[in-house]
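Participant: Can you read through this structure? Questions will come right after.
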Amino acid sequence: MIDRAVVIGAGLIGTSVALALRGQGVRVHLDDPDPRNLRIARDMGAGEELGADPGPPADVAVIAAPPAAVPAALLRAQRRHLAHVYTDAASVKARVAEGAERAGCDMSVFVPGHPMGGREKSGPGAARSYLFQGRSWAVCPTAEAGTKAVAAVTELARLCGADPVVMDAAAHDRAVALVSHAPHLASSAVAARLAGGDAQAMRLAGQGVRDVTRIAGGDPALWTEILGGNPGPVAEVLEAMAADLSAAAGRLREEGGAGLGGVRALLERGVEGRGRIPGKHGEPSPTIPRYTEVPVVLPDEPGALGRLFSAVGEAGVNIEDVRMDHSPGQPLGLAQLAVLPEAAEGLVGALREGGWSVHI
């Protein structure tokens, strides 16, 4: 059982961890070198300031700092005897573990971790108690880690609403290169092309390019450090991605488009790859779409989204996911409601009877 925790680093991740733990009744003490971050996190209800006298050791301490800063922060925390068990939340694991060992940290009570949740925004003001709800949380124990330490960090992940996944640090770094780090660079590459686009082209930007470039809004300084901590695996994914794009460009340039069968093959592999991303409950993706999207025109006025959600609730339908598409220059938008296929027809009928404009 985790009764008390210390969170070192009151940014987006640390404050979100603290808020999630507080929601489960865990007492949380916060520490951060930036007094402003500490004040905002505290005012948001994430916990109390740790202070100079930390008191008896907490059950677990979370180091929510950039990868390069984790080993030194961990060593300081252990020298202050802040907790019985320690973990971190950095997005690379092998170098963090190696750095902690070189720094002389007690590896028997340190279990590297990585919650797979985040936002393109940063700072404690962007923190959310539900940030890790339903997300994977990598738990990467070293050979020296004790079983009680691993159990405590696994419980920490569960308390935050996440699904703990125990894996080797090197395997973790290869995995995040594929599903997180290289995609971030790819998103940035697409967004970088837009920097040279004229204003008229930007007016044509739709939801597709917004979806692809959303994560490109992340902090460049932080992402430079993340990528620098996992260079080899990221480079391998980027090289394979670049080869696919280069081959597609070559085929598109072939006279008369005679080589577009290869481009189609890439598009089909893309559909297959996207289908392998697990659903929100962790289930494997079926060969047919798991949800049906119901597009509803939404007026740009206060309370409109709330009224729509109430109407869906009255129809007895659960919204599995939702996406908002805005119409530039128009006083309306489109709410894309993802629902189970068997519920779609009834929902469309109920919404139309209620006066909603549904396009399906």
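Participant: Please count how many residues of the stretch 124-145 are buried (at least 17 other Cβ atoms within 10 Å of the Cβ) and not hydrophobic (A, V, I, L, M, F, W, C).
Facilitator: Of the stretch 124-145, the ones buried (at least 17 other Cβ atoms within 10 Å of the Cβ) are 124, 127, 129, 131-132, 135-142, 145.
In the following step, the residues that additionally are not hydrophobic (A, V, I, L, M, F, W, C) were identified as 124, 129, 135-136, 141-142.
The number of residues fulfilling the criteria is 6.
Participant: Let me ask you something else. Which one of E255, E239 is out of contact with any strand residue (DSSP E or B) (no Cβ under 8 Å at 6 or more places or on another chain) and modelled with pLDDT under 90? Before the answer, list the steps.
Facilitator: On the way: E239 fails: modelled with pLDDT under 90.
When all the criteria are applied, what remains is E255.
Participant: Just checking, which of A177, A171, A182, A162 is touching a Leu at 6+ places or on another chain (Cβ under 6 Å) and either under 20 Å from P278 (Cα atoms) or polar (S, T, N, Q) (or both)?
Facilitator: Working: A177 fails: touching a Leu at 6+ places or on another chain (Cβ under 6 Å); A171 fails: touching a Leu at 6+ places or on another chain (Cβ under 6 Å); A162 fails: touching a Leu at 6+ places or on another chain (Cβ under 6 Å).
Every option except A182 fails the conditions.
Participant: All but one of (1) in contact (Cβ under 8 Å) with a residue 24 or more places away in the chain; (2) assigned to a loop (DSSP other than H, G, I, E, B); (3) among the hydrophobic types (A, V, I, L, M, F, W, C) hold for V7, so report the exception by its number.
Facilitator: Condition not satisfied by V7: (2).
Participant: Given D198, D244, D219, D211, which one is of a type in the set (D, E, K, R) and surrounded by fewer than 11 Cβ atoms within 10 Å (Cβ to Cβ)? Explain how you work it out, then say what you get.
Facilitator: Working: D244 fails: surrounded by fewer than 11 Cβ atoms within 10 Å (Cβ to Cβ); D219 fails: surrounded by fewer than 11 Cβ atoms within 10 Å (Cβ to Cβ); D211 fails: surrounded by fewer than 11 Cβ atoms within 10 Å (Cβ to Cβ).
Just a single option satisfies the conditions, and that option is D198.
Participant: Just name the residue that is nearest to Q78 (Cα to Cα) out of those in the stretch 95-108 that are assigned to a helix (DSSP H, G or I) and not small (G, A, S). If you could, list the steps in order and put the result at the bottom.
Facilitator: Quick first cut of the stretch 95-108, residues assigned to a helix (DSSP H, G or I) only: 95-103, 107-108.
Within this subset, residues satisfying the condition of being not small (G, A, S) are 95-96, 98, 101-102, 107.
On the way: R95: 19, V96: 16, E98: 17, E101: 13, R102: 14, M107: 10 Å.
Per the stated criteria, the residue is M107.
Participant: Take the residues of the stretch 341-357 that are of a type in the set (A, V, I, L, M, F, W, C) and closer than 15 Å to S310 by Cα: which is surrounded by the most Cβ atoms within 10 Å (Cβ to Cβ)? Give the derivation first.
Facilitator: Our first condition is that a residue be of a type in the set (A, V, I, L, M, F, W, C); within the stretch 341-357, this holds for 343-344, 347-348, 350-351, 356.
Those still in the list that are closer than 15 Å to S310 by Cα too: 347-348, 350-351, 356.
Values: L347: 23, V348: 21, A350: 17, L351: 21, W356: 18.
For the stretch 341-357, the residue satisfying everything is L347.
Participant: Can you tell me which of (1) assigned to a helix (DSSP H, G or I); (2) on the phi > 0 side of the Ramachandran plot is the one E155 doesn't meet?
Facilitator: Failing condition for E155: (2).
Participant: Please identify the pairs in which a residue from the stretch 267-295 that is among the polar types (S, T, N, Q) has its Cβ atom under 7 Å from the Cβ atom of a residue that is surrounded by 10 or more Cβ atoms within 10 Å (Cβ to Cβ) and at pLDDT 55 or above, counting only partners at least 6 apart or on another chain.
Facilitator: Listed pairs, sorted by first residue: S285/G275; S285/P278; S285/G279; T292/V339; T292/P341; T292/A344.
Participant: Given the criterion among the hydrophobic types (A, V, I, L, M, F, W, C) and crowded, with 20+ Cβ neighbours inside 10 Å, identify the matching residue among M107, M167. Before the answer, list the steps.
Facilitator: Details: M167 fails: crowded, with 20+ Cβ neighbours inside 10 Å.
Among M107, M167, only M107 is among the hydrophobic types (A, V, I, L, M, F, W, C) and crowded, with 20+ Cβ neighbours inside 10 Å.
The values are calculated or read from the model by the stated rules, or taken from the named source; none is laboratory data. Note that this is a predicted model, so its numbers are computed, not measured. In this analysis, Cβ positions are derived from the backbone assuming ideal geometry, glycine residues included, and neighbour counts consider all displayed protein chains.
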